[in-house]
Amino acid sequence: MIEISVSHVQKFFGDFQLLRDVDFDLYSGERVGLIGKNGAGKTTLFNIIADIGTGKARPGDPTLYDAGEISIRSGRRVGLIDQIPVYPQGYTVDDVLRTGFARLDRMKAELEELEQRMATEQDPVLLKRYGELSSRFEAEGGYETEYTLEKVANGLDLGGDIRRRDFNLLSGGERSRANLARVILERSDILLLDEPTNHLDIDAVEWLGEYLQSYKGTVFVISHDRYFLDQVVTRIVEIENGVSEEYGGNYSYYAVEKERRYQEKLERYQRELAEKQKLEALARQYRNWATPTMMTRAKEIEHRVERLTVSDRPRRQKVIRAKIDEAAFFADDALSVRGVTKRFDSRTIVEKADFRIGGGEHVAIYGPNGCGKTTLLRMIVGEYPCDDGSVRFGPQTKWVYLPQLVTFENMDRNVVDTLIYERGMTPQAARDALGQYLFIGEDVFKPLSALSGGERARLRLCMLMQDDVNMLILDEPTNHLDLAAREWLEGMLEGFGGVILFVSHDRYFVSRFATRVLEMSDGKLRDYKCGFEEYRARRRREKESAMAMAAREQRALREEKTPKAEEAREDGREARRKKRRRESAEAKTHTLEQEIAALDAQIEENASDYEKLAPLLARKEEAENELLELYEELEE
């Protein structure tokens with residue numbers, strides 16, 4: 001069944017038409033990816049659907065879109081992750097996560113109320129409602145909330161101490177992860193996810209992908225993470241030049257199919273154009289002969305040319321390959337890090353990091369969020385002082401550093417003026433350089449304050465690359481870049497023969513460039529001199545080996561148990577059996593003593609009534625005999 005229907009939607013901002021013809025349907029249980037370059041209208045479309053799905057607006061509201069129709073199947077619960085709700089002061093992460101069970105909590109409260117009413121009322125309507133609600137509560141995981149909570153929290157790296165922390169005091173990344181977990185726990189019919197892998201490390205991205213693969217609802221996701229799209233989605237909707245086009249597969253299929261469709265359109269255009277040009281040439285030749293018959297034929301052909309339709313020439317998104325000017329490098333070491341340690345208060349962030357990097361190596365620092373990767377990079381480039389140890393660049397190393405968050409001193413300047421004033425370039429040289437980094441036409445006059453995160457990263461790279469370099473230090477370089485810009489960056493780095501030291505959670509990027517992996521865990525480094533996929537395979541083998549060794553140790557312990565130990569355990573079991581028998585006998589003794597006391601009182605009251613007195617005396621005698629046996633058992 002159709003869950004979301006988007007039919008020929010158009011959207012204007014003033015005179016600018018952002019969406020021209022967006023048309024697609026989402027079906028129950030589908031996992032669909034929405035892609036397009038930054039500014040293509042993905043988030044705008046997403047927000048329109050979200051406003052309708054969450055009840056903030058009605059379908060057809062003219063403030064949402066200017067033409068077309070968007071509808072969501074009636075009664076569907078929509079979960080949205082683009083905004084982080086505001087919670088009361090003192091709300092912990094655990095409190096926030098448990099709000100994901102609000103619907104189940106309401107069902108549980110109604111079940112308890114029905115149970116109380118059924119204890120005093122014999123109403124078949126109540127019984128029917130209780131049965132229906134109980135079945136739904138069980139089907140939706142009402143009896144497994146704690147297990148589900150632990151599974152989701154641990155998968156998104158929200159386990160342990162972080163669950164007890166105040167939600168409002170978390171970093172932006174931690175709040176985003178907690179909000180993602182909350183939306184997942186709500187178990188909505190439709191999940192709308194806008195860049196859900198932001199702030200997730202590679203392990204968490206893989207976990208989220210596996211979770212969504214088994215998710216029974218419908219998933220609609222915007223993402224620039226190619227690995228995640230390959231793992232999760234079964235269909236791609238691309239928005240390009242305001243028009244949507246669908247591809248029936250994951251991202252890898254889309255990349256191949258998009259090129260095939262381009263070549264097919266290009267061939268059709270060339271064929272139609274060649275046919276038109278051939279007919280026009282023939283008509284000109286007939287006119288040159290100037291006989292009445294030829295003139296008639298020329299007119300016929302010209303009428304045929306007028307009726308002929310030639311498709312528009314297909315166009316690829318313009319991508320310019322920037323080239324990095326490399327400085328020569330002849331030394332043995334580009335970088336030497338010796339026993340580097342960094343502490344903040346009483347916490348050690350980086351502990352005795354020790355490694356050397358030679359010419360031409362591409363080294364990835366890999367590890368979970370918060371393990372100290374960025375801190376290590378900032379010590380290497382001198383932004384943080386080392387508490388212990390030393391960092392030394394080789395005498396011929398010429399390095400540049402691209403941080404996660406790019407800022408500029410004067411945010412009021414435009415793009416081209418920034419290069420002119422900060423790099424001392426002429427206007428033409430600045431524009432030529434910017435063109436290599438995808439700043440074309442009017443883009444060069446944008447103020448820095450209006451640039452997206454990806455545009456700021458590209459501008460900083462453009463400024464850094466004006467000098468000859470032979471070492472790049474990159475902290476999450478693909479963050480904020482759309483798919484086309486990521487591929488552009490990779491194309492630029494592909495021909496770079498110098499050293500690259502980088503931190504990234506983009507698995508495609510890490511797999512493509514890393515020739516060596518420095519694994520970071522709890523501030524400590526472990527060196528793997530291999531590519532990322534080989535590193536992952538080694539870690540899996542190490543984990544399997546450790547689990548097998550632990551199993552063997554457990555088995556050996558069981559086999560080493562002596563008969564004396566077995567005897568001691570049997571003695572313990574016998575002692576526990578005796579204890580249970582004694583406690584049971586003492587309880588029965590107490591009960592019988594109370595009963596005999598009550599019988600004595602009743603016998604005294606009915607001393608003159610033989611009919612009532614006889615059974616009381618008989619029961620008292622029976623109880624006294626039972627009590628005597630219990631006394632003997634307790635004495636033994």
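Put simply, when 349-359, 612-622 are sorted by average Cβ atoms within 10 angstrom per residue, most first, you get 349-359, 612-622.
Using the rule -39500 (n - 2.57) for each DSSP H run of four or more residues, divided by the residues of the chain, the 222 nm mean residue ellipticity is -16000 deg cm²/dmol.
Given their separation in residues at 0.36 nm each and the Cα-Cα distance between them, ARG77 and ALA281 gain 67.2 nm when the chain is fully extended.
Using 0.36 nm per residue and subtracting the Cα-Cα separation, the extra length available between TYR91 and ASN410 on full extension is 111.0 nm.
Of the residues VAL125, SER5, MET107, the one whose Cα sits farthest toward the positive end of the charge dipole of segment 1-131, with +1 on the Cβ of Lys and Arg and -1 on the Cβ of Asp and Glu, is SER5. Ligands, DNA and RNA are left out, and with a 1.4 angstrom probe the accessible area of the chain is 55 Å² per residue. The string of couplings for segment 394-399 from the Karplus curve (6.51, -1.76, 1.60, θ = phi - 60°) is x, x, 9, 6, 10, 10 Hz, one whole number per residue in order, with x for Gly and Pro. Taking amide H atoms as placed 1.01 Å from N in the peptide plane, the amide H of ASP194 lies under 5 Å from those of ILE81, ASP82, ILE222, each 5 or more residues away in sequence or on another chain. Cross-link reach is defined here as a Cα-Cα straight distance under 26 Å, omitting same-chain residues fewer than 8 places apart; for LYS276 the lysines meeting it are LYS265, LYS299. Give me Rg/Rg_expected for segment 31-153, where Rg uses Cα atoms only and Rg_expected = 2.2 N^0.38 Å with N residues. With N residues counted in segment 31-153, Rg over 2.2 N^0.38 Å equals 1.46.
Comparing Cα centroids, segment 71-132 and segment 173-251 end up 26 angstrom apart.
Measuring from centroid to centroid over Cα atoms, what is the spacing of segment 411-431 and segment 605-631 in Å? When both Cα centres are located, 110 Å separates them.
What does the convex hull of the alpha-carbon atoms of segment 109-241 project to on average, in nm²? Walk me through the numbers before you get to the answer.
Working: hull surface 46.7 nm².
Its average projected convex-hull area is 11.7 nm².
Of all lysines in the structure, the ones whose alpha carbon falls short of 21 Å from that of LYS524, not counting any fewer than 8 places away in one chain, are LYS342, LYS352, LYS373, LYS543. Each listed q (0.16, 0.24, 0.26, 0.27 Å⁻¹) maps to a log10 I(q)/I(0) for segment 349-413, found by the Debye formula over equal Cα scatterers with no solvent: -0.69, -1.32, -1.46, -1.52.
Order the peptides 139-147, 42-50, 192-200 from the highest to the lowest mean number of other Cβ atoms within 10 Å of their residues.
Values: 139-147: 12.7, 42-50: 20.7, 192-200: 22.3.
Averaged packing, sorted descending, gives the order 192-200, 42-50, 139-147.
Each other residue within a Cβ distance under 10 Å of GLY79 adds +1 if Lys or Arg and -1 if Asp or Glu, for a net charge of +1. What number comes out for the charge environment of LYS446, summing +1 per Lys or Arg and -1 per Asp or Glu over other residues with Cβ under 15 Å away? Charge balance near LYS446 sits at 0.
Accessible area of the chain with a 1.4 Å probe: how many percent of it is carbon plus sulfur?
48
Within the chain, DSSP assigns beta bridges of which about 55% are antiparallel (rounded to the nearest 5).
Of the peptides 108-121, 365-378, 223-236, the order by per-residue mean of other Cβ atoms within 10 Å, starting with the highest, comes out as 223-236, 365-378, 108-121. In summary, the lysines within cross-link reach of LYS612, defined as a Cα separation below 23 angstrom excluding same-chain residues under 8 places away, comprise LYS620.
The values are calculated or read from the model by the stated rules, or taken from the named source; none is laboratory data. As the structure is a prediction and not an experimental result, all values here were calculated from the model. Every residue, glycine among them, receives a Cβ derived from its backbone with ideal geometry; neighbour counts consider all protein chains shown. All accessible areas refer to the heavy atoms of the entire protein, side chains included, with ligands and DNA or RNA removed. Shrake-Rupley method; radii C 1.70, N 1.55, O 1.52, S 1.80 Å.
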